[in-house]
Amino acid sequence: MQAAPEQDRKDLKQWLGSARIYLHPRALTLLFLGFSAGLPLMLVFSTLSYWLREAGIDRGTITYFSWVALAYAFKWAWSPIIDRTPIPLLSRWLGRRRSWMLTAQLAIVASLIGMAGSDPTQNLELMAFFALAVAFSSATQDISIDAYRIESAEMRLQAAMAATYMLGYRLAMIIATTGALLIAAWYDPANDSYHRESWEIAYLVMAALMLVGIATTLIVPEPAPNGAAAEREQAQIEAFMEQRQHLPHALAKTLGWLYIAVWSPFADFVQRYGRPALLILALVGSYRIADVVMGIIANVFYVDMGFTKVEVAEITKLFGTLMTILGSLCGGLLVYRFGVMRMLFTGALLAAVTNLLFSALALTGHSVPFLIVTVSLDNFSAGIATAAFIAYLSSLTSISYTATQYALFSSVMLLLPKFLAGFSGDAVDLVGYPLFFAGTALLGAPVLLLVWLAARHTAVVSNGSNTTEDGADMETAQAR
């Protein structure tokens, strides 16, 4: 009878000992870097759209502003440069990874200060320029942080580092939305009119908070270069050059570098999945379409419905983000219990259906209780869908090209939805909010068909000759 309590104490000590991994210096480093990565995104997305609407900018123009976030969808285009090119002088001091992180962070600070000093009612083009600069610099920071994370610790620490990174990222999103709106509200002498100075202060505070990432970059050590990987890559480039000796040496070397860095990850994916690869890419490119197209107009909708900055900050940003985190945790458990594809379908269905709640809210008008219900269900569903989608994307990547392929998938994921979201303001002007939100729900219907088809074809691939040992097998991915 005494053996069981003794075993329980041992188990508890083991769990507590395992939990100390989150106090590892690398895990703490990623907490602060995650904060630095998460802060800029909302400042050029939902928070900016609220600012512009309060300034009297029309809906169509505001949603066109969402196109600046396409920089995140194209980050794969310049990621090979960041991955392999040092910055003169600075890389000698900090190393390749930290030098790119610091450069991106300083550019984010300068661009946020530029946004703070811009007046959208007087020079909207200047505001757009600085917003695009923030997005481009932020995407560059994401690339360099991902490379730093992968290279800075052994595999057993990667999960803990990813967890602390996401915690920092989510905290930053809360501050960039709830915090920025509350700061603007506190410094607003009258809530019933627009005052640019309150938004200037809010964005200057956000720029100052980027010092968290800058200080972290300056303090942490540079990861040791992977000599074996560099030698293997150099050997592949030299083999490529030998087969093209008729070309000038510099051209052959450049083409070899592009072949290894850009073409090989694409070729690997197509080789593993064959013809279903196009179906999978169609699913990846459309899965979040209902959420993203609806999301860009959401803050404009809140302003038009008469909700105050404090109400939007506390309900849709702070409480909504917490519901998303809760949904993500539940989604992780559900994926483990029922598998990736089932929850991918469920998440897509919930994400589309909950958009109908916004149609009902538009018909109801200003109602704080209804807003709480709508935000709760919508964000919780989005958390489930995101957890399932991340698991699905991870299952698609090859261990030989994990970082590159994941960056490509995440870029494809945003391209079409972000493009269509730019027209959402004009669509609302044309049909009104109730029909618009109902239309975004219908956008999710083809996604359900794609999930069903992808589940069938993925099963065929995983049972066929294309199955690899690196995790292409969907059943292995579900177990993970």
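A few comments on the model shown:
- Filter result for TYR302 (surrounded by 17 or more Cβ atoms within 10 Å (Cβ to Cβ), assigned by TED's automatic domain parsing to the domain that holds THR440 and in contact with a Phe, Trp or Tyr (Cβ under 7 Å, 6 or more places away or on another chain)): no
- Members of segment 74-131 found to be β-branched (Val, Ile, Thr), under 30 Å from SER264 (Cβ atoms) and surrounded by 18 or more Cβ atoms within 10 Å (Cβ to Cβ), listed by number: ILE82, THR103
- If only residues of segment 26-55 that are aliphatic (A, V, I, L, M) and assigned to a loop (DSSP other than H, G, I, E, B) are counted, the one that is farthest from TRP199 (Cα to Cα) is VAL44.
- In this structure, SER18 qualifies as at pLDDT below 65, among the hydroxyl-bearing types (Ser, Thr, Tyr) and in a helix (DSSP H, G or I).
- When the test is whether a residue is surrounded by 21 or more Cβ atoms within 10 Å (Cβ to Cβ), in contact (Cβ under 8 Å) with a residue 24 or more places away in the chain and among the β-branched types (Val, Ile, Thr), ILE315 does not pass it.
- Among residues that are of a type in the set (A, V, I, L, M, F, W, C), within 19 Å of TYR165 (Cα to Cα) and free of Cβ contacts under 8 Å to residues at least 24 places away in the same chain, ILE390 is included.
- Output for segment 61-93, where each listed residue is of a type in the set (Phe, Trp, Tyr) and more than 12 Å from ILE296 (Cβ to Cβ): TYR72, PHE74, TRP76, TRP78, TRP93
- Residue in segment 276-291 that is free of Cβ contacts under 8 Å to residues at least 12 places away in the same chain, out of contact with any helix residue (DSSP H, G or I) (no Cβ under 8 Å at 6 or more places or on another chain) and closer than 22 Å to VAL412 by Cβ present: yes
- Residues of segment 365-374 satisfying the condition of being touching a Leu at 6+ places or on another chain (Cβ under 9 Å) and in contact (Cβ under 8 Å) with a residue 60 or more places away in the chain: LEU371
- Segment 21-56 - residue that is touching a Lys or Arg at 6+ places or on another chain (Cβ under 9 Å), aliphatic (A, V, I, L, M) and closer than 28 Å to ALA135 by Cβ and, of those, modelled with the highest pLDDT: LEU33
- Filter pass, ALA298 being within 30 Å of ASP268 (Cβ to Cβ) and assigned to a helix (DSSP H, G or I): no
- Among the candidates ILE82, ILE57, ILE62, residue that is within 20 Å of GLU222 (Cβ to Cβ), touching a residue at least 24 places away in the same chain (Cβ under 8 Å) and out of contact with any strand residue (DSSP E or B) (no Cβ under 8 Å at 6 or more places or on another chain): ILE82
The values are calculated or read from the model by the stated rules, or taken from the named source; none is laboratory data. As the structure is a prediction and not an experimental result, all values here were calculated from the model. In this analysis, Cβ positions are derived from the backbone assuming ideal geometry, glycine residues included, and neighbour counts consider all displayed protein chains.
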